[in-house]
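The structure appears right after this line, and notes come after that.
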Amino acid sequence: MTMDLYVLHEARTVAGIAGVDPPACESIALSTEDPSKVLFSFVGGNPLSGHWLVDLDLPGERVACWSGTLAGDEDLFAAHPHNWMSPGAEALEGMLREVLPQFEATGRSLCLVPHARHVLSDVQGTINLVRANQGGALEVALAPASLLVPSMLDTLEDHLERSFSTLSQAASFLFLEDLAVDPVHENLVPVDFGEGVLDKAMLREAVRRHWPEDRPVVLRPGNLEAQLEWLRA
C-alpha cells in the first residue's frame, strides 16, 4: 500500500533539532519522505476558552486544532453536556466566524480534529459542518480513535465503518493512533501504536477499503517502524 505519510512531532523537538526558536504550536506533522514538508501545525488548548490564540505564521499552510469544549481549561477532555447542545454549537460557530476570515485572507486553512468529548464530537456533526462550509478555509480531519468512547469498543467495526465511509472523501488527512482505557476517568487516552486496545487488523482493513491512497496519513512518533511495517503488511 502506497501512502503519503507524515509523523506528528513535538514542536519543541523539531525546533531543537533545527536550532531555531520553538513555534507557537504543540506539534508539527512532517513528511517521512521529506522532513522539510509540513502538512500542518497543531495548536493545542481550548479554542472555545475565550483566550485561545493562533499564529498565522506557523509552519505549513494548514493549522489543526480541536473544536473545543465548554468544560473550561482545567481538563480539556472532561465531559460537558452543553458541548452537544445548542450552547456548544453556538460557541463553535462564533469562534469560526471570528477566525476563519483571517485564514481566508492569508490563503491558509483551519482543520478541526473531532473528539468524542468536544463540541465536534461525532461523524454526523462533522460531515454537516463540512457541507455547511464548502469552499472556505475550514477543513476537518478523520481521527477515528478520537471519536470513540469506552462503550463503543465492543462494536468497533461498526463505528470504524461509519467514520471512514462518511468522512474519507471530506477529510484533509487521516490521523491514526492507538487507545488505552483509563478506568479512573472512564475515558480513552491516546498511546503509542501497538500498546492500546484497538483491533489493528480491523483498523487497517478500514484504511484499505476507504482511505484514498493519495491522501495524507499522520502517525504518532512512538513505535514508528512498527507502525510503518503494519501499514505496509
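Restricting attention to the stretch 1-156, close to 45% of DSSP beta bridges with both partner residues there are antiparallel.
Taking the alpha carbon gyration tensor of the stretch 94-146, multiplying each eigenvalue by 5 and rooting it gives semi-axes of 21, 11, 10 Å, largest first.
Each of residue 21 and residue 181 was given a label point 7 Å from its Cα along the Cα-to-Cβ line. The distance between the two points is 4.7 nm. Computed from the C-beta positions of residue 31 and residue 51 and an R0 of 25 Å, the FRET efficiency is 0.15 to the nearest 0.05.
The mean accessible area for residues of the stretch 105-177, using a 1.4 Å probe and ignoring ligands and nucleic acids, is 38 Å² per residue. Result for the chain in a Gaussian network model with C-alpha springs under 10 Å: among 147, 174, 53, the largest mean-square fluctuation is at 53.
Compare 114, 59, 35 in a GNM of the chain, Cα atoms joined below 10 Å, and give the one with the largest fluctuation. The residue with the greatest mean-square fluctuation here is 35.
Where in the chain are the DSSP H helices whose alpha-carbon span along the long axis reaches 18 Å or more and whose Kyte-Doolittle mean is at least 1.0?
On the way: long enough: 86-105 (29 Å, -0.06).
Long hydrophobic helices here: none detected.
Using a 1.4 angstrom probe with every protein chain in place, what is the largest-first accessible-area order of 123, 189?
On the way: 123 10, 189 55 Å².
These residues rank, largest area first, as 189, 123.
Under a model in which nothing but the beta-carbon of Lys, Arg (+1) and Asp, Glu (-1) is charged, the chain shows a dipole of about 500 debye around its Cα centre.
The candidates 111, 25, arranged from most to least accessible area with a 1.4 Å probe in the full protein assembly, appear as 25, 111.
Using bins 5 angstrom wide from zero, how does P(r) for the chain break down, in % of all Cα pairs? Here the calculated profile for the chain is 1, 6, 14, 19, 21, 19, 13, 6, 1, 0.
In whole angstrom, how far apart do the alpha carbon centroids of the stretch 68-85 and the stretch 1-57 sit? Here the two parts' Cα centres lie 24 Å apart.
In nm, what is the difference between 0.36 nm times the number of residues separating residue 90 and residue 224 and their Cα-Cα distance?
44.3 nm
The values are calculated or read from the model by the stated rules, or taken from the named source; none is laboratory data. Remember, predicted model here, so these are calculated numbers, not experimental data. As a convention, Cβ positions derive from the backbone with ideal geometry for all residues, glycine included, and neighbour counts pool all protein chains shown. Heavy atoms of the whole protein, side chains included, go into the accessibility calculation; ligands, DNA and RNA do not. Shrake-Rupley method; radii C 1.70, N 1.55, O 1.52, S 1.80 Å.
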